Each structure stands twice: as structure tokens, then as C-alpha cells.
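Just below is one structure, and these are the notes that go with it.
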Amino acid sequence: MDIKAAIAFEPGKPLRIETVRLEGPKAGEVLVELKATGLCHTDAYTLSGKDPEGLFPSILGHEGAGIVVDTGPGVTSVKKGDHVIPLYTPECRQCKSCLSRKTNLCTAIRATQGKGLMPDGSSRFHLGKDPIHHYMGTSTFAQYTVLPEIAVAKIREDAPFDKVCYIGCGVTTGVGAVIYTAKVEAGAKVVVFGLGGIGLNVVQACRLVGADQIVGVDLNPRRREMAEKFGLTHFVNPADMPANELVPYLVNLTGGGADYSFECIGNVNTMRQALECCHRGWGESIIIGVAASGQEISTRPFQLVTGRVWKGSAFGGARGRTDVPRIVDWYMEKKINVDDLITHTLPLERINEGFDLMHKGESIRTVVKY
Ligand code: NAD
Ligand code: AHE
Ligand code: ZN
């Protein structure tokens, strides 16, 4: 079938809307009509050319929601008409990683996904005769996409697509990092670096679990008001003090250091600060931000010897098919607020404006509605 999609032809260049040919689903795959997609900072990162796995031309996007309109042979877990969220972290429930119960990083299709291909090693998207790469196994900047059935989470039908698409990445990443990765407990003191589309979800999950102190660090003073609405107790702008004073300031503010910190920026300097503002003996720092190719983190090993812990979190540690439908329920039950974080909605034709808003720090989340 012919569909409209936003194509990334070259690093650093705006996406171009083109009509591309999409082949139907093969064995174990489903065709999904996308109803909405969010724009995540990771899409911008890959478009910038700094992602070592970035491929061009490709159809970016990994934060979608839509309806299954066709299924390939052998598909059993979803059917036509089901409402779904595509999963860039699938859940096959059979691979070594899924069976370990120690990680959400399913390995069933990771190798082909990283090459911009479906599990059979081919692309379903073509422009004329030329194949266009898939992205993160999802390619949601398109009216329709094809996904392996292990890479869709079936969700309830009363959930609005233009809101729950954000659960396809940002919401689950932030909320999950608090609940599944760090397991923040009531009474904890937390520092969150970066109060954007991910960090604000960390903040609201910390409030949900009953954290006592939720400190936010961001260079953009406009983030303060929104963050306070989501549970922030203290806002710190690093621009207000010399760089070497930030860590002692945060340690003092938290009465000896954070029980947990979260890096939601993707900057290796703030990753170090996030670790070092943690409490001696037990403070855990969770890296969520994606740093560019070639970047490395550093700290004095003494920071770890004295009990601070460095961890990472991908997709919030969530097992997509199991946990995403539950997070949709939390949204529908008003336990988490997604609506206020979606600051802009655009048609596909104006998708590049969404990236401009992100880079100017004007949006939290832009959603494209099909
Ligand atoms: P965003 O642009 O919405 O938010 C980033 C925030 O950081 C902004 O508010 C910005 O003002 C602030 N900031 C930038 N530099 C800063 C600095 N030096 N000090 C303090 N604040 C600073 O981005 P987002 O969508 O929230 O994504 C954040 C990061 O998380 C990105 O690197 C993204 O790629 C990554 N990410 C990771 C996962 C995962 O699974 N690990 C999932 C989604 C996104
Ligand atoms: N390809 C990048 C890594 C990007 C990355 O870390 N992706 C996160 C999700 S970000 C979503 O917005 C992730 O889940 N990683 C686990 C995985 O298997 O990719 C690079 O820098 O190489
Ligand atoms: Zn994302």
C-alpha cells in the first residue's frame, strides 16, 4: 500500500514528507495504522547524526499508538481492531534476557532492529525502488507501520491515542525508572537532572511513590512552574552558581546526599554530578539520558568504593507487553498526568516544527496526530 511518511534523508536536515510503499505483514508480524506519535529527544539525537546506530534514509519515530489493521500468518497475541502501542523494547518472553527476569532488554530481534531491518533482514518500506530503513523497530513517523507481534502492547480501547502514544517512550521511561529500576521508596530524597519530557515523568513518579524531597536541576527556568505542578519541591538552576559548587549545594540541600538521582539530559558532565550528589554509602544514580557517540563518563572510583551506585535504565526497565497496558491504566485512572505534558499537537506535514520547539526548549512533548 502507499502511505505518507516523514523521511530522514540526511543527518541534520529537516524530515521530508513522501509517499512510500509499505509491504504487508509477514509471518509473526502485524500492520498498524498509527493514530498519533510523540517526538522524543532520541529522534532528534539520531537525526543529528550523532547516533552510531543512525541510518539514512530512514523513517524515525518510536512513540506511537494505533490500531492493528492486518496480521501475518501465525499471529496469535493480537487481532485486527486491537488498540496497540509499538514497543522499541519488545518482550518475546522466550529469550535468555526475558527468561532471566533480571532485565527488560529482550534480545529476540535486537540485531536486525539496530540495522534498520525487520527480523527477516529486509525492509518493508520503499521509495520507488529504494529501501528505506526502519528505526528502533517502530518507525512511527508514518501513517502505517509493520511490527513483529512481540513488539506491540495491547491496550484498552477507551484510551485516547493522542495522549497514550507518549507512554510508548517518555512516560514509561521516566515513571518506570523510578518504579522498576530504582524502586524509590516513600520518604526518599531524590535529585532529577533535566526536567523535560523524561525528567518530569521521573518527578511525578517520585511523588506517586511518596518521596519526601524532589529536587530538580535544569538550565531552563521555564521548567520550574510545570515541574512544581508535578511534585517538585526544590528547583535549582546550575547557571546560578559556579560549576564546582553544584554538587556540594545539592548534598547540603538533601541533608547529606540524595538517596536516588536521575540523569535525564544525556550530558556526561551532569551524569558525573548526578552520581556525586548521591549519599555516601547507599545513594543510587540512574542514567537515563543518551550521550552522543564517543562520549565517556568518569568519576573517582572512590565514589563507588564509598557506596554510591551507578545504574542505567532503558525504557524505564519496563517489560513492554506486560507493563505498558498497566501504565495506560494508571493514566486512565488519573494516577499519572500525561495531558499537561503534551504541550503541542501538529499534523504530520508540520512535524519539523515539533523539532524546532524541542530545540528552543518551548515544548515538553509535541504529538503528531494522523
Ligand atoms: P528534553 O529536551 O525534553 O529535556 C532535557 C532537559 O534537560 C531540558 O529541560 C533542558 O533544559 C535540560 N538541560 C539540558 N542541558 C542541561 C544541563 N547542562 N544542565 C541542566 N539541565 C539541562 O529531552 P527528553 O525527551 O526529556 O530526553 C532526555 C534524555 O533522555 C535524552 O538524552 C533522550 O535521548 C533520553 N532518553 C532515554 C531513554 C531511555 O530509555 N534511556 C528514553 C527516552 C529518552
Ligand atoms: N543507538 C544509541 C542508543 C540509544 C539508546 O540508548 N536507546 C535507548 C532508548 S532511548 C528512547 O528514547 C534504549 O532503549 N537502549 C537500549 C537498546 O537496546 O538500544 C547509541 O548511542 O548507540
Ligand atoms: Zn524516546
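We did not get these values from a lab; they are worked out from the coordinates using the rules stated. Since the model is a prediction, treat every value here as computed from it, not as a measurement. Reconstructed Cβ throughout: ideal geometry from the backbone, glycine too, with neighbour counts over all protein chains shown.
Taking 25 °C and 0.890 mPa s as conditions, the chain diffuses translationally at an estimated 118 µm²/s according to Stokes-Einstein applied to its Kirkwood radius (Cα pairs).
Can you tally the net charge around N352? Count Lys and Arg as +1, Asp and Glu as -1, for every other residue whose Cβ sits under 15 Å from the Cβ of N352. So the environment of N352 carries a net charge of -2. The Stokes-Einstein estimate for region 174-314, based on a Kirkwood radius over Cα pairs and taken at 4 °C with 1.567 mPa s viscosity, is a diffusion coefficient of 89 µm²/s.
At 1.002 mPa s and 20 °C, plugging the Kirkwood radius over alpha-carbon pairs of region 194-236 into Stokes-Einstein gives what diffusion coefficient in µm²/s? The Stokes-Einstein estimate is 217 µm²/s. Two tests apply to each whole DSSP H helix in the chain, Cα reach of 20 Å or more along its axis and mean Kyte-Doolittle hydropathy of at least -1.0, and none passes both.
Each of L253, L147, L304 has some number of other Cβ atoms within 10 Å of its Cβ, and from fewest to most they run L304, L253, L147. With an a/c value of 1.5 or above and a/b not larger than b/c for the gyration tensor axes a ≥ b ≥ c computed over the alpha-carbon atoms, region 282-370 is described as oblate. Footprinting exposure proxy ranking of K163, K80, fewest other C-beta atoms within 10 angstrom first, gives K80, K163. The alpha-carbon of K50 sits under 20 angstrom from the alpha-carbons of these lysines, leaving out residues fewer than 8 places away in its chain: K13, K115, K360. Per-residue Cβ neighbour counts within 10 Å put L60, L348 in the sequence L348, L60, beginning with the fewest. For region 312-370, which trypsin sites (Lys or Arg not before Pro) are in a loop by DSSP, counting at most 16 other Cβ atoms within 10 Å? Counting only loop positions with at most 16 other Cβ atoms within 10 Å, the trypsin sites (Lys or Arg not before Pro) in region 312-370 are K334, K335, K360.
Among 104-116, 21-33, how do they line up by average Cβ neighbours within 10 Å per residue, starting with the highest?
Result, highest mean Cβ count within 10 Å first: 21-33, 104-116.
Here K189 is the anchor, and the lysines within straight C-alpha reach of less than 27 Å, apart from those fewer than 8 places off in the same chain, are K102, K229, K311, K334, K335. When the GluC sites (Glu not before Pro) in region 268-370 are filtered for DSSP coil states and for at most 12 other beta-carbon atoms within 10 Å of their beta-carbon, the remaining sites are E296, E333. When each of the peptides 172-182, 222-232 is scored by the mean number of other C-beta atoms lying within 10 Å of its residues, the order from highest to lowest reads 172-182, 222-232.
Computed over region 142-224, the alpha-carbon pair-distance distribution with 5 angstrom bins reads 3, 13, 20, 19, 16, 12, 9, 6, 2, each value a whole percent.
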